[in-house]
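The values are calculated or read from the model by the stated rules, or taken from the named source; none is laboratory data. Everything quoted here is computed from the prediction, not taken from an experiment. Cβ placement follows ideal geometry from the backbone for every residue including glycine, while neighbour counts extend to all protein chains displayed.
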Amino acid sequence: MDGQPQLPPRGSSIRAHPGEPIIRSVNWGGLGTLYVKEVRRFFKVQLQTIWAPAVTTLLFLAIFTVALGGAGRADILGVHFADFIAPGLIVMAMMQNAFANASFSLLVGKIQGTIVDYLMPPLSTAELLAALAAGAVTRAFLVGGAVWLAMVLWPGVSVTPEHPLAALWFGLMGAVMLALLGVLTSIWAEKFDHAAAVTNFVVAPLALLSGTFYSVDRLAPLFQTISHANPFFYVISGFRYGFIGVADSPVTFGAILLLVINLVLAVLAYMLLKSGWKIKN
């Protein structure tokens, strides 16, 4: 014995030889741990992060159906007004909460000086991005599920999906899009006011002007063109198609367009995280 520690044989799961990476593929353990951390973070205050948005969305449903759809006066795309706006309200709540969750994660780390908790673990940039986006999408679907369950019990509203796969796809694409936008916001923002500005001047207007409460077919040609340039419109329209079987936009085109947008946002977020812009610098 020469008193020097002996390395375990090649292939051991305990240590690797000098210069050999221990994690050679996806760090599923680390990715899962960060994902669980993100979920637990918003679930600890679920009254604020899940149930409060659900109640707010139900208030929108109550106010607009009473004001505009009472006594069966309003039919849009061949369905009652309440059935028309219900899917849009569900997916709008999902998108807004996906953004809120993702825009908070890195930003609070930068403000509190705990950003190192995200940067030091042995996670690749793609794994970090995936965990942050997955946590935001989970919150979106929990909010959407809470709103949908409440609407099932709501008198005079039908929210039984006619095309469940379409509803799932557009709900997922909308949640992922806002989750990635939230990550980009948390990278760029330096204080909570910056994130609030994006929420108030970008996310909220695009969501409210996306055809949630009206059919764009009833708008003037100019405003129809503007609406078709809004990616939120394709989320709302496609998700609504999943429930009522009717859409005011080409469903296949919208599905492909949202996938392309999400890929572009994912690449942009990956590049910014990889560079460390406003995070490491």
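Being assigned to a helix (DSSP H, G or I), more than 21 Å from residue 54 (Cβ to Cβ) and touching a residue at least 40 places away in the same chain (Cβ under 8 Å) holds for only one residue in 166, 196, 179, 150, and it is 166. A search for C-beta distances below 6 Å between a residue of the range 222-235 that is more than 13 Å from residue 92 (Cβ to Cβ) and any residue that is assigned to a helix (DSSP H, G or I) and modelled with pLDDT under 90, counting only pairs 6+ apart in sequence or on different chains, returns 224/216; 227/216. The conditions are (1) closer than 19 Å to residue 133 by Cα; (2) of a type in the set (A, V, I, L, M, F, W, C); (3) over 18 Å from the mean Cα position of the chain (by Cα), and residue 267 fails exactly one of them. Which is it? It is condition (3) that residue 267 fails. Of all residues in the range 119-140, those satisfying the criterion of being among the hydrophobic types (A, V, I, L, M, F, W, C) and over 8 Å from the mean Cα position of the chain (by Cα) are 119, 120, 123, 126, 128, 129, 130, 131, 132, 134. Based on this model, can you work out whether residue 238 counts as surrounded by 14 or more Cβ atoms within 10 Å (Cβ to Cβ), more than 16 Å from the chain's Cα centre (by Cα) and small (Gly, Ala, Ser)? Judged against the criteria, residue 238 is not a match.
Each row is one residue, and each column tells you yes or no for (1) at pLDDT 90 or above; (2) closer than 16 Å to residue 145 by Cα.
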residue	(1), (2)
36	yes, no
45	yes, no
49	yes, yes
57	yes, yes
64	no, no
68	no, no
74	no, no
77	no, no
82	no, no
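The single residue among 130, 140 that is buried (at least 20 other Cβ atoms within 10 Å of the Cβ) and touching a residue at least 40 places away in the same chain (Cβ under 8 Å) turns out to be 140.
For the range 153-163, the set of residues classified as among the hydrophobic types (A, V, I, L, M, F, W, C) and without any contact (Cβ under 8 Å) to a residue 40 or more places away in the chain consists of 153 only. Candidates in the range 148-186 are the residues that are touching a Leu at 6+ places or on another chain (Cβ under 8 Å) and farther than 27 Å from residue 256 by Cβ; of these, the one that is surrounded by the most Cβ atoms within 10 Å (Cβ to Cβ) is 186.
Yes or no: the range 119-141 includes at least one residue that is touching an Asp or Glu at 6+ places or on another chain (Cβ under 7 Å), over 20 Å from residue 96 (Cβ atoms) and modelled with pLDDT of 95 or more. Yes, the range 119-141 contains a residue that is touching an Asp or Glu at 6+ places or on another chain (Cβ under 7 Å), over 20 Å from residue 96 (Cβ atoms) and modelled with pLDDT of 95 or more. Among the residues of the range 242-251, not a single one is free of Cβ contacts under 8 Å to residues at least 24 places away in the same chain and part of a helix (DSSP H, G or I). Looking only at the range 246-274, count how many residues are of a type in the set (Gly, Ala, Ser) and within 19 Å of residue 214 (Cβ to Cβ). So the count comes out to 3.
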